[in-house]
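Undergrad: Next up is a structure, given as structure tokens.
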Amino acid sequence: MNKVEMTEEIILAKKNLDISWEEIAAKVGLAPVFLTSACLGMNSLKEEYAKKLCEVLELSDEIAILLQEYPMKNWDKTIPNDPVIYRFYEIVGVYGETIKEIIGEKFGDGIMSAIDFSMDIDKEKNPAGDRVKITMNGKFLPYKSW
């Protein structure tokens, strides 16, 4: 079994149990965004969380072992057609340089870590239409001179 097959089994189990990512994450003890990312093969889990996830989803020990393997963080470099994912490309295309400029002014020359990082996705009720609220929180990493 490989990571793709692992993900397929996790998604099928989730669907069969009719359980949300937030419910799974609460039972496992991890943040929903991180847990989902690991289930989709883009992060690894520590043994205790991998085993707990497999308990919750009634999956084999083989899945728990694969969840602990370091991922190959590789994705298709073409612009995706999926509207949700495409919008993030659009946001970076329109606001990327602005984000970089403001980070530079507030912190100096550097980047936001995607390793020392967390993200929350929330639903914000609004009379004009519900809003998607995404909060990204990453450690600032200054560039070094040498």
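Undergrad: In the stretch 37-49, what count of residues is obtained for those that are surrounded by 14 or more Cβ atoms within 10 Å (Cβ to Cβ) and of a type outside the set (A, V, I, L, M)? Steps first, please.
TA: Keep residues of the stretch 37-49 that are surrounded by 14 or more Cβ atoms within 10 Å (Cβ to Cβ), which gives 37-45, 49.
Narrowing the set further to residues that are of a type outside the set (A, V, I, L, M) leaves 37, 39, 41, 43-44, 49.
So the count comes out to 6.
Conditions tested, residue by residue: (1) out of contact with any Phe, Trp or Tyr (no Cβ under 9 Å at 6 or more places or on another chain); (2) surrounded by fewer than 18 Cβ atoms within 10 Å (Cβ to Cβ); (3) in contact (Cβ under 8 Å) with a residue 40 or more places away in the chain.
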| site | (1), (2), (3) |
| --- | --- |
| 6 | yes, no, yes |
| 18 | yes, yes, no |
| 24 | yes, no, no |
| 35 | no, no, no |
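Undergrad: Looking at 130, 120, can you tell me which residue is outside the structural domain of residue 36 (by TED's automatic domain parsing), acidic (Asp, Glu) and touching a residue at least 24 places away in the same chain (Cβ under 8 Å)?
TA: Answer to the check: 120.
Undergrad: Could you list all residues from the stretch 73-132 that are within 25 Å of residue 143 (Cβ to Cβ), modelled with pLDDT of 90 or more and not in a helix (DSSP H, G or I)?
TA: The answer is 108, 109, 110, 111, 112, 113, 114, 115, 116, 117, 118, 119.
The values are calculated or read from the model by the stated rules, or taken from the named source; none is laboratory data. Small disclaimer: the values here were computed from a predicted structure and weren't measured. Please note: Cβ atoms are built from the backbone with ideal geometry, for glycine as well, and neighbour counts cover all protein chains shown.
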